[in-house]
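Structure first, commentary second.
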Amino acid sequence: MHTIVEEYADDLEQAFEFITLLRIHHQYAQISSGVAPDNFINPNRLSNLEKRSIKEAFHLVTKIQDLIIELYKSLIW
């Protein structure tokens, strides 16, 4: 396993689960209201804790993307 994966695997898993859970709750509420489900979650409707958590999750994803780009940039460009 690659060191980036080893180092961030648990954090990435938690971030993925959190984002997926938000999406499922959002879509459930839409279906319950008779609205066709979508994937747009209005950040203004999130609690402060959810906002902070999703921000941290996206920062983690960005960090991993940057690490991967740095690692493989010589092969990309």
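Does Phe18 qualify as being within 16 Å of the chain's Cα centre (by Cα), among the aromatic types (Phe, Trp, Tyr) and open to solvent by 80 Å² or more (accessible area, probe 1.4 Å)? Break it down stepwise before answering.
Details: within 16 Å of the chain's Cα centre (by Cα): yes; among the aromatic types (Phe, Trp, Tyr): yes; open to solvent by 80 Å² or more (accessible area, probe 1.4 Å): no.
Here the answer is no, as Phe18 does not meet what is asked.
List every residue pair whose Cβ atoms lie under 9 Å apart, where the two residues are 6 or more positions apart in sequence or sit on different chains, the first residue falls within the range 27-41 and is in a loop (DSSP other than H, G, I, E, B), and the second residue, located anywhere, is of a type in the set (Ser, Thr, Tyr).
Partner pairs satisfying both residue conditions: Pro37/Tyr28.
Cβ-Cβ distance below 6 Å, separation of 6 or more or different chains: which pairs start in the range 1-18 with a residue that is small (Gly, Ala, Ser) and end on one that is surrounded by 11 or more Cβ atoms within 10 Å (Cβ to Cβ)?
Ala15/Ala57; Ala15/Leu60
Does Phe40 qualify as being modelled with pLDDT of 95 or more, closer than 18 Å to Arg52 by Cα and touching a Ser or Thr at 6+ places or on another chain (Cβ under 8 Å)? Explain how you work it out, then say what you get.
Working: modelled with pLDDT of 95 or more: yes; closer than 18 Å to Arg52 by Cα: yes; touching a Ser or Thr at 6+ places or on another chain (Cβ under 8 Å): no.
For Phe40, the condition - modelled with pLDDT of 95 or more, closer than 18 Å to Arg52 by Cα and touching a Ser or Thr at 6+ places or on another chain (Cβ under 8 Å) - is not met.
Can you tell me which residue within the range 1-12, out of those that are part of a helix (DSSP H, G or I) and open to solvent by 100 Å² or more (accessible area, probe 1.4 Å), is modelled with the highest pLDDT?
Our first condition is that a residue be part of a helix (DSSP H, G or I); within the range 1-12, this holds for 3-12.
Then drop every residue that is not open to solvent by 100 Å² or more (accessible area, probe 1.4 Å), which leaves 6-7, 10.
On the way: Glu6: 84, Glu7: 89, Asp10: 94.
In this case the residue turns out to be Asp10.
The values are calculated or read from the model by the stated rules, or taken from the named source; none is laboratory data. Predicted model, so just to flag it, every value in this text is computed and none were measured. Cβ coordinates were reconstructed from backbone atoms using ideal geometry, including for glycine residues, and neighbour counts include every protein chain displayed. Surface accessibility is based on the protein's heavy atoms, side chains included, excluding ligands, DNA and RNA. Shrake-Rupley method; radii C 1.70, N 1.55, O 1.52, S 1.80 Å.
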